[in-house]
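The values are calculated or read from the model by the stated rules, or taken from the named source; none is laboratory data. Since this is a predicted model, take the numbers as computed values, not measurements. Heads up, the Cβs are rebuilt from the backbone with ideal geometry, glycines too, and the neighbour counts pull from every protein chain shown.
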There are 2 protein chains.
Amino acid sequence: MMSPYVLKTLSTDQKGLYHTSFKVPDVYGVFQFKVSTKGSGTLACLFPTEDKKNNIFVVMASVNLGTWVHSCSIFNQASLSRSRSQPFSPFKRVPMSLMSSKKTKRPISISAVLTKEEETLREEDNSNNSKPTFDFKSYMIQKADSVNQALDGAVSLREPRKIHEAMRYSLLAGGKRVRPMLCIAACELVGGDESMAMSAACAVEMIHTMSLIHDDLPCMDNDDLRRGKPTNHKVFGEDVAVLAGDALLAFAFEYMAVSTVGVAPSRVVRAIGELAISIGSEGLVAGQVVDINSEGLTDVGLEHLEFIHVHKTAALLEGAVVLGAILGGGSDDEVEKLRKFARCIGLLFQVVDDILDVTKSSKELGKTAGKDLVADKVTYPKLIGIEKSREFANKLNMEAQEQLLGFDQEKATPLIALANYISHRQN
Amino acid sequence: MMSPYVLKTLSTDQKGLYHTSFKVPDVYGVFQFKVSTKGSGTLACLFPTEDKKNNIFVVMASVNLGTWVHSCSIFNQASLSRSRSQPFSPFKRVPMSLMSSKKTKRPISISAVLTKEEETLREEDNSNNSKPTFDFKSYMIQKADSVNQALDGAVSLREPRKIHEAMRYSLLAGGKRVRPMLCIAACELVGGDESMAMSAACAVEMIHTMSLIHDDLPCMDNDDLRRGKPTNHKVFGEDVAVLAGDALLAFAFEYMAVSTVGVAPSRVVRAIGELAISIGSEGLVAGQVVDINSEGLTDVGLEHLEFIHVHKTAALLEGAVVLGAILGGGSDDEVEKLRKFARCIGLLFQVVDDILDVTKSSKELGKTAGKDLVADKVTYPKLIGIEKSREFANKLNMEAQEQLLGFDQEKATPLIALANYISHRQN
């Protein structure tokens, strides 16, 4: 469980330079930054920096001064090292590094606050100094294990063997289970438990897998490699691959309808509707068909690209989060906040995917790299360059995390960490 | 509404020959034959015979003497003319034509009884001689109209246009809407009304259409013609056809979850689960994959063939009927009886399809004829010949209708007529 640090004051009025660093002992915490100024302007991007030896992090974020609340996170999988900071003792005032892009002389007040009382945290700190409070890696592994176990049991190797072999081949090929984890974390955030969301979590992963199988078909992206293995149709033939996708799509709904436990039927029906919407002709498929029709086009702008990404990728991530929130008993307001959170991280996911496609090798990705370039697909790096794409990714991550401010911050930790994971993943 | 004729006695003990004929004025009625004997033996097939001018029908059926109750139907779409009978005045004793395949000398008693009281019927007969009591054609047209209207509204032409055009192209291509009608009729049989089953009826048709789109793909059956029009991928391309199928599959569940009205959520969840099961890796897809793997095999027997048909065709028809029964508020016992009914007519549907493939032209079928032969597929005509396939079809029709005996026979009329329609359809 998370025990966030309380940083009462980080304010300073150095001209355009605000700096801090702090030691975070194996902690993934969340900080809410309140930035206020009488003027307005955009602060430069802030990037996470990791000092593995000392567990030092600098949290950096792009914040618009007109926006007065931003949420940033601490994580230990940062990839963008820009600076190395001094060890930091929690609860002490320290400078915070915020480079202003407009070197304003206006006074800027920045404070980072966290949810738990300082006193409580001090007690915890005294009793067990540097105690790990939220181990994201363990959380991911535990959830992925649960999901894999459930998927393995759900799609067992039964007759007819060939179709179940094909379904299992792609479903159990070691995906990162990001969507199931989002689903479960959203459920837990609104007060539900893992068991209530497990069927939906698996359903979302089945549908994700199905979309990959069909997307890889020769008549679609014609891909030979997926998750480091030959694509489904390469192993089982195109006909069986089409059917395996169809079967996974159908089974996702069967599993939700038959295996969801401890949830009122009205919520199950609502969740099933949401899942279907997220993948249909105004969801995932809409993104795919517009994507296909955009190949080779020269006049594709940002809005068009965002439509593709919001539908092709964000919709299913939105489905995952919204399903979890519904099944966990979330209020309509909670569901809608989490929907917005999911849309942001969904778009983020695809922006990062675009970046990885041009910056990583096939081996690193576990799938064919550079295929967007080969297919002459419109991507964020192609439209605005890699650096601005990265900035946009960071902005989306923060916008996502803003949506979580009204929730119990301790319970929100996994979702925040997942957002950061999506933002900084390497494959 | 149906006003069946009451034929009190048809018994005779002619050696192996029982004969009757009767005039049925524009009526689709149902007769329940009670056949009893101290021995056992199989009576030869009885075929419907039509005298259009005089509306004369001879109902003939294959009955096993060990089975003491069979249900046969009167219809006016009979295709197999074997004899022309004398005009028949209802409620008079007439000989009935039943050829015994084993010329038994044992006394056989045959009676045909119907649900309504003779007196009531006589009154109706007096007040309005030859009044049509159940107009199956009108029933079919009315239900198909309702379903087409609902489908048109459900999958409207919205953005992205291409995918919705593709979905609508196949969905609104004038299918016979047999599955939706089965769904609605089952719902009405157990006491529900059309509105309760309409979303499920449409969902089943969406999934049926999706299975046709994917089945026609070059990597599957590679078909150019469907319902008299170029197949989906011929018009929209393979990639869009794959996605249109996926979208229809997803939308089926969305429509059920979002648009089902007047039904308890627990029943909606149960119905969604049933629908998914009927099309998944142990339903429709199972049949397709085993069918694909059977092409060219030389050692395919009847059991294997039945597995294909029961899954490839019967499963979705079963889904249609069971969904209707669940949503209409049917008891578990009623649902299971209707499930068995559906399995029989589902297998019947495919047996007839097999027969039509070798006996009709492409023009008559609205799709490529003889394709099973070309693909060297195992079919009933191939395994047991056309005549025995027809006998089997008649047997299945009767087994199906046996399941309906416990229901209100008036309400069962549409399902019985639908079973007969499936049995005697010409395309």
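Are there any pairs, at least 6 apart or on different chains, whose C-beta atoms fall under 6 Å, with the first in the stretch B:149-175 and within 14 Å of chain A (Cβ to nearest Cβ) and the second part of a loop (DSSP other than H, G, I, E, B) and surrounded by fewer than 21 Cβ atoms within 10 Å (Cβ to Cβ), and if so, which?
Going by the 6 Å Cβ cut-off, the qualifying pairs are B:His164/B:Leu157; B:His164/B:Arg158.
Look through A:Val240, A:Val289 and report the one residue that is of a type in the set (A, V, I, L, M), in contact with a Pro (Cβ under 6 Å, 6 or more places away or on another chain) and facing another protein chain (nearest Cβ under 9 Å).
Residue meeting the stated conditions: A:Val289.
Can you work out which of the residues in the stretch A:378-421 that are touching a residue at least 12 places away in the same chain (Cβ under 8 Å) and acidic (Asp, Glu) is nearest to A:Ala144 (Cα to Cα)?
Checked the stretch A:378-421; the qualifying residue nearest to A:Ala144 (Cα to Cα) is A:Glu410.
Here's the yes/no breakdown for (1) polar (S, T, N, Q); (2) within 20 Å of B:Thr231 (Cα to Cα); (3) in contact with a Phe, Trp or Tyr (Cβ under 6 Å, 6 or more places away or on another chain):
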site: B:Phe134; (1), (2), (3): no, no, yes
site: B:Ser138; (1), (2), (3): yes, no, no
site: B:Gly153; (1), (2), (3): no, no, no
site: B:Glu159; (1), (2), (3): no, no, no
site: B:Tyr169; (1), (2), (3): no, yes, no
site: B:Ala173; (1), (2), (3): no, yes, no
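Name the single residue, out of those in the stretch B:186-196 being under 17 Å from B:Ala417 (Cβ atoms) and surrounded by fewer than 24 Cβ atoms within 10 Å (Cβ to Cβ), that is nearest to the other protein chains (Cβ to nearest Cβ).
Looking at residues that are under 17 Å from B:Ala417 (Cβ atoms) and surrounded by fewer than 24 Cβ atoms within 10 Å (Cβ to Cβ), I get B:Glu194.
For the subset of the stretch A:298-314 comprising residues that are among the aliphatic types (A, V, I, L, M) and assigned to a helix (DSSP H, G or I), which member is nearest to the other protein chains (Cβ to nearest Cβ)?
A:Ile308
Within the stretch B:197-212, identify whether any single residue is facing chain A (nearest Cβ under 10 Å) and either of a type in the set (Val, Ile, Thr) or surrounded by fewer than 15 Cβ atoms within 10 Å (Cβ to Cβ) (or both), and answer yes or no.
Yes, that holds for at least one residue.
For the stretch A:235-257, does any single residue satisfy the condition of being farther than 25 Å from B:Ala252 by Cα, out of contact with any Cys (no Cβ under 7 Å at 6 or more places or on another chain) and not aliphatic (A, V, I, L, M)?
Looking for residues that are farther than 25 Å from B:Ala252 by Cα, out of contact with any Cys (no Cβ under 7 Å at 6 or more places or on another chain) and not aliphatic (A, V, I, L, M), one finds at least one in the stretch A:235-257, hence yes.
Could you please find all residues in the stretch A:203-230 being of a type in the set (S, T, N, Q) and free of Cβ contacts under 8 Å to residues at least 60 places away in the same chain?
A:Thr209, A:Asn222 - these are the residues of the stretch A:203-230 that are of a type in the set (S, T, N, Q) and free of Cβ contacts under 8 Å to residues at least 60 places away in the same chain.
Name the residue that is nearest to A:Arg161 (Cα to Cα), counting only residues in the stretch B:294-311 that are among the β-branched types (Val, Ile, Thr) and surrounded by 14 or more Cβ atoms within 10 Å (Cβ to Cβ).
Ranking the candidates gives B:Ile308 first.
Considering only residues that are touching a residue at least 24 places away in the same chain (Cβ under 8 Å) and at the interface with chain B (Cβ under 7 Å from one of its Cβ atoms), look in the stretch A:259-284 and name the one that is nearest to B:Phe253 (Cα to Cα).
It comes out as A:Ile277.
For the stretch A:331-341, indicate whether the set of residues that are over 17 Å from A:His424 (Cβ atoms), modelled with pLDDT of 70 or more, crowded, with 20+ Cβ neighbours inside 10 Å and hydroxyl-bearing (Ser, Thr, Tyr) is non-empty.
no
In the stretch B:243-258, what residues are buried (at least 24 other Cβ atoms within 10 Å of the Cβ) and facing chain A (nearest Cβ under 7 Å)?
Once the filter is applied, which keeps residues that are buried (at least 24 other Cβ atoms within 10 Å of the Cβ) and facing chain A (nearest Cβ under 7 Å), the stretch B:243-258 yields B:Leu243, B:Asp246, B:Ala247, B:Leu249, B:Ala250, B:Phe251, B:Phe253, B:Glu254, B:Ala257.
Tell me, yes or no, whether the stretch B:177-193 has at least one residue that is more than 20 Å from B:Leu404 (Cβ to Cβ) and of a type outside the set (Asp, Glu).
Taking every residue of the stretch B:177-193 in turn, at least one turns out to be more than 20 Å from B:Leu404 (Cβ to Cβ) and of a type outside the set (Asp, Glu).
To keep it simple, each residue is scored yes or no on (1) outside any helix (DSSP H, G or I); (2) at pLDDT 95 or above; (3) in contact with a helix residue (DSSP H, G or I) (Cβ under 9 Å, 6 or more places away or on another chain).
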| position | (1), (2), (3) |
| --- | --- |
| A:Met196 | no, yes, yes |
| A:Val204 | no, yes, yes |
| A:His233 | no, yes, yes |
| A:Ala250 | no, yes, yes |
| A:Val263 | yes, yes, yes |
| A:Arg267 | no, yes, yes |
| A:Gly296 | yes, no, no |
